[in-house]
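Peer 1: Have a look at this one before I ask anything.
The values are calculated or read from the model by the stated rules, or taken from the named source; none is laboratory data. Computed from a predicted model, the values in this text were never measured in an experiment. FYI the Cβ positions are ideal-geometry reconstructions off the backbone, even for glycines, and counts take in every protein chain you see. Only protein heavy atoms, including side chains, enter the accessible area calculation; ligands, DNA and RNA are left aside. Shrake-Rupley method; radii C 1.70, N 1.55, O 1.52, S 1.80 Å.
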Amino acid sequence: MRTVVCAIVAVAGVASVGLAGCNAGRSAMGGAEQVGAGFAAAATAPLEDFNLRRQMIPTVLLQAEANPYDLRNLNQCSTIGAEVARLDEALGPDTDEPPRQDGSYLSERAADAAAKAALNAIRDTTTDFIPGRSWIRRLSGADQHSKHVQSAIQSGRMRRAFLKGMGMQRNCAPPAAPSWFRPHR
């Protein structure tokens with residue numbers, strides 16, 4: 001495992017030094033920095049299998065899981081929009097939102113993709129050495145927590161869709177309604 005991790009870090013470092021003179025070099029340096037920043041989290045991924053480190057569930061998703069169709073205090077477009085914004089912050093952009101143009105170069109996006117692939121390889125390598133991993137996850141409660149996280153995410157998505165539907169019904173402008181919806185005047 002240590003050999004694979006060292007090889008991945010070495011390749012990222014060599015690529016960043018070799019391309020240091022151009023924009024691609026700056027992108028590669030950014031990718032190498034991203035690998036370095038995420039290395040600790042990827043290397044300690046087995047802690048999640050033993051339920052020693054847990055992914056925190058945002059409060060807005062726990063509320064959505066408890067009652068996804070709750071309309072209390074959501075009688076105005078502004079309050080519906082604020083609730084949708086809270087869900088967007090926890091879940092990321094909705095599928096009806098166009099992708100954001102961040103002005104990054106193709107080389108920067110490629111470096112980000114390479115960094116994510118390297119971190120995934122490190123994470124996979126550190127978790128693959130655990131014998132009986134599925135049993136350990138079940139017995140430690142990590143599997144149940146992972147299912148709870150996924151349930152909360154699904155409930156948040158369902159609540160966001162419900163709220164946007166209510167926003168459309170009430171003739172609200174986005175973000176209280178889907179981005180393609182135009183309220184009637």
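Peer 1: Scan (1) modelled with pLDDT of 70 or more; (2) out of contact with any Lys or Arg (no Cβ under 7 Å at 6 or more places or on another chain) for the single condition L87 breaks and write down its number.
Peer 2: Looking at each condition in turn, L87 falls short on (2).
Peer 1: Kindly provide the set of residues from the range 52-93 that are open to solvent by 30 Å² or more (accessible area, probe 1.4 Å) and under 12 Å from P175 (Cα atoms), ordered by number.
Peer 2: Across the range 52-93, the qualifying residues are C77, S78, T79, A82, A85, R86, D88, P93.
Peer 1: Of the numbered conditions (1) surrounded by 13 or more Cβ atoms within 10 Å (Cβ to Cβ); (2) modelled with pLDDT under 80, G132 satisfies every one except a single condition; which is it?
Peer 2: (1)
Peer 1: If you don't mind, another one. Which of the residues spanning the range 152-172 are touching a helix residue (DSSP H, G or I) at 6+ places or on another chain (Cβ under 8 Å) and open to solvent by less than 50 Å² (accessible area, probe 1.4 Å)?
Peer 2: Of everything in the range 152-172, those that are touching a helix residue (DSSP H, G or I) at 6+ places or on another chain (Cβ under 8 Å) and open to solvent by less than 50 Å² (accessible area, probe 1.4 Å) turn out to be A152, I153, S155, G156, R159, R160, L163, K164, M166, G167, C172.
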